[in-house]
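Here's the structure, in structure tokens; my notes come after.
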Amino acid sequence: MVKVGLTGGIGAGKSEVSRLLASYGAVVVDADKIAREVVEPGTPGLAAVVAEFGEGVLTPEGTLDRPKLGGIVFNDPEKLKALNAIVHPLVGARSAELEASAGPDAVVVHDVPLLTENGLAPLYDTVVVVDAAPQTQLDRLVRLRGMAADEAKSRMAAQATREQRLTIADLVIDNDGPLEALEPQVRAVWERLRGV
């Protein structure tokens, strides 16, 4: 088994790289997706979040009101720490389950947005960073995701710098160009990961 940590700044194109790797046969463990699953209605994770932050973080339907919770935690480091203390162990446990169920010859790609920020690089055999210039990230967030420029800049500033991500990279995928330039690079990375 090859354990890969995949990361990149917001708007760098990590999700597309993850999708391509899955299409080649990688077992993708998506930390963001798992983080949503562990706080779905009826889970111990959601119960713990409500116990910590109150019923006000729920929608009328009983699901987690992510924008409301985000507004609470992203302006208060202590509250963010409390949320992470609930969610991170649950994500870690589920990620370990998914990894354990992959075959011995699998390439397991852990799609982890905050890999750099949380010092997780040592957990992986190889760290792949999807890189794009900050101006490219900003353009994608505004043009493709419809974010306000100020919000996009704020989200980018909350993450590790480009230089910090590149420092931990074993392999770098340059995603500053058009989508058609991405696939050959991802294919080359896949072949390296498979030892081809």
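Computed from the coordinates by the stated procedures, all read-outs in this text should not be read as laboratory data. Owing to the predicted nature of the structure, the values given are computational and were not obtained by experimental measurement. As a convention, Cβ positions derive from the backbone with ideal geometry for all residues, glycine included, and neighbour counts pool all protein chains shown.
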- Query: Can you list the residues of region 122-145 with backbone N under 19 Å from a point 7 Å past the Cα of residue 23, pointing along Cα to Cβ?
  - Reply: 130-131
- Once every DSSP H run of n ≥ 4 in the chain is given -39500 (n - 2.57) and the sum is divided by its residues, what mean residue ellipticity at 222 nm do you get, rounded to the nearest 500 deg cm²/dmol? -15500 deg cm²/dmol
- Across every pair of different alpha-carbon atoms, what Kirkwood hydrodynamic radius in Å does the chain reach? 17.9 Å
- Query: When you take every Cα atom in region 120-188, what is the radius of gyration, and what is Dmax, the widest Cα pair distance, in Å?
  - Reply: 13.4, 37
- In the structure shown, do any of 14/153; 68/153; 3/68 have a Cα-Cα gap over 25 Å, and if so which? 3/68
- Note on the structure: In region 1-92, the GluC sites (Glu not before Pro) that sit in a DSSP loop and have at most 16 other Cβ atoms within 10 Å of their own Cβ are 61
- Note, residue 99: beta-carbon cut-off 13 Å, +1 each Lys/Arg, -1 each Asp/Glu, net -2
- Spin-label point model (7 Å from Cα, Cβ direction): what's the residue 105 to residue 187 distance in nm? 2.2 nm
- Item | Dimensions in Å of region 1-113 - Rg and Dmax from alpha carbons | 15.7, 46
- For residue 125 and residue 180 in the same chain, what is the full-extension length gain: residue separation times 0.36 nm, less their Cα-Cα distance, in nm? 17.0 nm
- Item | Given charges at Cβ of Lys, Arg, Asp, Glu: the chain dipole, positive-most of 92, 71, 141 | 141
- Message: Can you compute the charge dipole magnitude of the chain about its Cα centre, using +1 on each Lys and Arg Cβ and -1 on each Asp and Glu Cβ, nothing else charged? Give it in debye, rounded to the nearest 20.
- Response: 140 debye
- Message: Treating only the Cα positions of region 50-158 as identical point scatterers, give the base-10 log of I(q)/I(0) from the Debye formula at each q in 0.12, 0.21 Å⁻¹.
- Response: -0.63, -1.26
- At R0 = 22 Å the Cβ-Cβ FRET efficiency linking residue 88 and residue 153, nearest 0.05, sits at 0.25
- What is the gain in length, in nm to one decimal, between residue 135 and residue 2 on full extension, counting 0.36 nm per residue of separation less the C-alpha to C-alpha distance? 44.6 nm
- Task: Net charge near residue 18: determine it from the other residues with C-beta under 9 Å of the C-beta of residue 18, scoring Lys and Arg +1 and Asp and Glu -1.
- Result: -1
